[in-house]
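Working notes, beginning with the structure itself.
FYI, it's all coordinate maths here, none of it is from the lab. Since the structure is predicted, the reported quantities are computational estimates derived from the model, not experimental observations. Reconstructed Cβ throughout: ideal geometry from the backbone, glycine too, with neighbour counts over all protein chains shown.
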Amino acid sequence: MSTASESPTSESQHAFRYSGALAQEIELRWHDWWDANGTFHTPNPAGPLGDPRVADQPKLFVLDMFPYPSGAGLHMGHPLGFTATDIYARYHRMTGKNVLYTMGFDAFGLPAEQYAVQTGQHPAITTDQNIANIRTQLRRLGLSHDPRRSISTTDPGYYRWTQWIFTQIFNSWYDTDRTTARPISELVQEFAAGTRATPDGRPWAELSASEQADVLDDHRLAYISEAPVNWCPGLGTVVANEEVTADGRSDRGNFPVFKRNMRQWMMRITAYADRLVDDLDLLDWTDSIKAMQRNWIGRSEGARVDFGVTTVGGAADVITVFTTRPDTLFGASFMVLAPEHPLVDALTTPEQAATVAEYRRQASTKSDVARQVEDKTKTGVFTGSYATNPINGEQIPVWIADYVLMGYGTGAIMAVPCGDERDFEFARQFGLPIPAIQQPPASWFAEHGIDPTLDTAAWPQAFVGDAPYVNSSNESLDVNGISDVATGKRRTNEWLEANGHGQATINYKLRDWLFSRQRYWGEPFPVVYDETGHAHTLPDELLPLELPPTDSFSPRTFDPDDAMSNPESPLDRLTDWVRVELDLGDGPKRYRRDTNVMPQWAGSCWYELRYCDPTNEDAFIDPEVERYWMGPQPDGRTGGVDLYVGGVEHAVLHLLYARFWHKVLFDLGHVSSPEPYHRLFNQGYILAAAFQDERGMYVDAFGVEERDGKHFSGGEPVTREYGKMGKSLKNAVAPDEVCGEYGADTLRLYLMSMGPLDASRPWESKDVVGMLRFLQRVWRNLVDEDTGALRSDLPALDDTTDRILHRTIDGVRSDLEGLRFNTAIAKLIELNNALTKLGGCPREIADHLVLMVAPFAPHLAEELWRKLGHDETVTYQSFPVADPAKLVQDTIELPVQINGKVRSRITVPAAADAAAVEAAALADEKVQASLAGATPKKVVVVPGRTVSLVV
RNA sequence: GCCCGAGUGGCGGAAUGGCAGACGCAGCGGACUCAAAAUCCGCCGAUUGAAAGAUCGUGUGGGUUCGAGUCCCACCUCGGGCACCA
């Protein structure tokens, strides 16, 4: 009779071999135990989850980016980040930290609503189902979340506070003098007291109630504006700048987006532009993420300059431009306005009217993107009018061209063709003058193969950089000869301000945040409008304003290309809900509700705060709890989450919005740290091989065969590429499948061992078994595979093994501190391989081994911990500490280099001084042979490292 | 075009300026077995050599250094972000 063959994953002849099946059995058992014992409940310093014992315990807040509960469940990218944070959290529990670690769901948003529209099932139902499903999957991974702190943004108990924060933002204004947000009531006081002038100078009391409301609305951090917004007919809603891709489409759904003037809610994030840039310096984030945020905010320092013009009607007016190069004002030889600039009509002469009208018509039919992408050949037309260059009085022509964008700066530029490549091209295209105002260095001319000249007709392109100014003086300003741009700018700015022609200023690419969506599945705005159309926020006692139930939750969507369609929010249809009678302090009156909902980003702007105090019904967070988990730290860190792990795709969306909200809450005194996320770590993507057939269609990656390095699917040749694992590339491996075959502990180990956390890495199913084998060996080194009991034949501890143990403890600790999980695992494997060679794990160090494995493979560790005779969970055991005495070696082997090549190795006492090491090296046989009698000219001894001889 | 980041065996990857390739996968050899699987032991960059060894080797070309995968300069390739931003 033949015996069944055995693979590492399958059941074996050994009843207690650590197979996938046994792992599974162990893991499910421990999930129940952890739940039943509340193992991961984390106490607060106060409140319902409070426990006075935590007061003197150091805290650690570990956070994963808020997952969206997709109907497809978890993909492999989730366990990658989640395992990393779980290991970190578990490790730090073992170092005595009080660790806050949980997970909730960012459950509002378009996908749930789109799914609901397809199926006709209310999004609340599908959302709840999806969350339940994902909770099951998370549990399967053995993540040590405090389940009491899990929240969903769609829970009225949560969005009650999202709405409350909105009212805080609405009822605030930004004081640019104090650079802080303040309650709007203080602005009213300043206006009323006359310490702050009203916009038109009239005393505050003389303004009508409606005029007062208008003034306040102009200051609020959340405000309604009629402005160009991104209208996406295919989604039936407007979207934020950050949600529009580089090719002008919605990042959700990939529909065309059009610029339209619409009345929408905005958040005055631009007020915080400076602080959002400057405070990046406080954060432990990667340079690349910081660079992306700086780039998006796009701070540029320059000046506003006024150019006088006379309109066709004869009136005097000014064109204000923004420039980063005020120093080049002497070289401004024409001006260019955006086609939409409000002064274009007034400046267009009758002769040019038809040309200008035609150009503007063409420009208006092109989207922003088409204007930028189509081709870079400059187009434009002359208005017929001239402006006066304030610095030299010259009359310069005013053109319009679509390379000038209305959305940036003032929508008008001064063109300095000799110093700006775009202006240079435009001038060449239309034969406009290019006066030289800098003397480029000889090297610049040499580079372009021409002789030095100030005749720009010979120049192939504009010169940008530091070089002495020429032709740059008037009666009261002379920058000629100055050769650095910084000084030139400073001098010119001083002149502009002294003569009233402009002033130094800072401009940003960042726009205010478009905050309303014409959808159903989001937080309703806690806002009503009175009969004059002014907005009022609902008082606290009327929160939450719950999303009204309806079967008609689908927004009206349009032909994706129908730019002129208009949004219709689903809430508009609920007239009984929209019309409401309320007493807001001045007697019952009729009001109209706001029918927009907030964007999905709202709920994720503050969720980490709610994790701290999830059950608080009196406040969004208790101040004492907030200070404990989020406050500034004794070591000087400014506070916030201690470790935040997630994908890089949120670099300018969530991370910018959340920082903004947090700063408003900070300014208003609701939180104690200026930043929400102190240390940010961006995980890489899980990639996987994907295969395309000859038509370019993706084929199921799991049906592909490899023969002689070529790949075939159903006999047909296919081409291989690597891409982000997912449904669209037909190459997704579900975490559940891997747990089922190998167990969660093996999956966790594999994900962590693939490489550094921040690198993207290709998934290789065949490699997973390596980590099962490792765990299997750990098990076998302690457990009798036939009885399941602790082995009775464990070897005695020897000195060598003891030293390896302590070296491993030391290395694993420092690797975990640095999030180097891959090398930590390698060190554990080395230790375990040494134990295997020894014939098992000596009982004296078994506890150490199990405790070190615990953060990585917690289920296996719990099981072994029991077998070692302990009753408690491993969770709060102390992580082993290396004995420094066992880290030092008695003797060490050093390489000896001769002229940079390793020629020999010598063994010397670890404590040997340089002279002794040198003597030992020179005495070495091979060294002597290599030297062949020569005397080294130089000897470099690096203690503990190397000996280097130079002959 | 501009700004980040990365290029190391067949593959994933490791290496405070100091012995390149830890650890895992794959492969090769051996032990055990009637046999296979599993397990355990060993080998595993290239060229050369019977072997000891020698020479070369971290995208390319220069440089700094006693010594460079690591630092500097230039370039090439790939990935990410921004892109007529005045």
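What Kirkwood hydrodynamic radius, in Å, does segment A:219-279 give when the mean of 1/r is taken over all pairs of distinct Cα atoms and then inverted? Don't skip to the answer; put the middle values down first.
Details: mean 1/r = 0.0785 Å⁻¹.
For segment A:219-279, the Kirkwood estimate is 12.7 Å.
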Can you return the aspartates and glutamates within cross-link range of A:Lys724? Criterion is Cα-Cα under 16 Å, with same-chain partners fewer than 8 residues away left out. A:Glu649, A:Asp700, A:Asp758, A:Glu764
Through the Karplus equation 6.51 cos²θ - 1.76 cosθ + 1.60, θ set to phi - 60°, convert the phi angles of segment A:521-530 into ³J(HN,Hα) values in whole Hz; use x for Gly and Pro. 8, x, 6, x, 6, x, 9, 10, 10, 7
Degrees, to the nearest 10: A:914-923 long Cα axis against longest axis of chain A: 60 degrees
Expected 222 nm ellipticity per residue - DSSP helices of 4 or more, -39500 (n - 2.57), all of chain A, to 500: -9500 deg cm²/dmol
Please compare each pair in A:Lys59/A:Lys290; A:Lys766/A:Lys886; A:Lys97/A:Lys886; A:Lys259/A:Lys290 to a cut-off of 31 Å on the Cα-Cα distance and tell me which ones are over it. A:Lys766/A:Lys886
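What percent antiparallel are the DSSP beta bridges of segment A:889-950, to the nearest 5?
Details: 13 of 16 bridges.
Just about 80 percent of them are antiparallel.
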Tally the DSSP beta bridges in chain A and give the antiparallel ones as a percent, rounded to 5. 80 percent
Check A:Met725: other-chain or 5+ apart residues with amide H under 5 Å from its amide H, H built from backbone geometry? A:Ile686, A:Leu687, A:Ala688
Net charge of Cβ neighbours under 15 Å - reference A:Trp30; Lys, Arg +1; Asp, Glu -1: -3
The alpha-carbon center of segment A:801-820 and that of segment A:115-141 are separated, in whole Å, by 41 Å
Whole Å is fine, so just give me how far the alpha carbon centre of segment A:505-565 lies from that of segment A:704-779. 44 Å
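What net charge do the residues around A:Ala923 carry, taking every other residue with its C-beta under 15 Å from that of A:Ala923, with Lys and Arg at +1 and Asp and Glu at -1? Before the final figure, lay out the partial values.
Details: positive: A:Arg903, A:Arg905, A:Lys926; negative: A:Glu918, A:Asp924, A:Glu925.
With Lys, Arg at +1 and Asp, Glu at -1, the net is 0.
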Please state the shape class of segment A:808-872: rounded when a/c is under 1.5, otherwise prolate if a/b exceeds b/c and oblate if not, all from the C-alpha gyration tensor. oblate
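Expressed as cubic angstrom per residue, what is the convex hull volume of the alpha carbon set of chain A? Walk me through the numbers before you get to the answer.
On the way: hull volume 261.4 nm³, N = 951.
Cα convex hull per residue, to the nearest whole number: 275 Å³.
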Taking only the alpha-carbon positions of segment A:61-218 as identical scatterers, the Debye log10 I(q)/I(0) at q = 0.11, 0.18, 0.20 Å⁻¹ comes out as -0.68, -1.04, -1.19
Residues of segment A:305-335 with amide nitrogen under 20 Å from the 7 Å Cα-to-Cβ point of A:Ala353? A:310-316
To make sure I understand the rule: partners must be lysines, Cα under 26 Å from the Cα of A:Lys938, and not fewer than 8 residues away in the same chain. Which ones qualify? A:Lys901, A:Lys926
So how tilted is helix A:744-753 from the main axis of chain A? Cα-based, degrees 0 to 90, rounded to 10. 70 degrees
Nearest 10 degrees, 0 to 90: what angle lies between the long axis of helix A:20-37 and the longest principal axis of chain A (Cα atoms)? 70 degrees
Give me the net charge for the shell around A:Pro79: Cβ to Cβ below 11 angstrom, other residues only, Lys and Arg +1, Asp and Glu -1. -1
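So if a site counts as exposed when it's one of the GluC sites (Glu not before Pro), its DSSP state isn't H, G, I, E or B, and it has at most 15 other Cβ atoms within 10 Å, what's the longest stretch of chain A without one? It would help to have the intermediate numbers written out before the result.
Working: sites that count: A:Glu6, A:Glu11, A:Glu374, A:Glu394, A:Glu475, A:Glu531, A:Glu546, A:Glu617, A:Glu694, A:Glu764, A:Glu872.
Excluding the exposed sites themselves, the longest stretch runs over A:12-373.
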Distance in Å, no decimals, from the C-alpha centre of segment A:442-495 to the one of segment A:223-248 is 42 Å
Can you pull the semi-axes for segment A:889-950, root of five times each eigenvalue of the Cα gyration tensor, sorted largest first, whole Å? 18, 11, 10
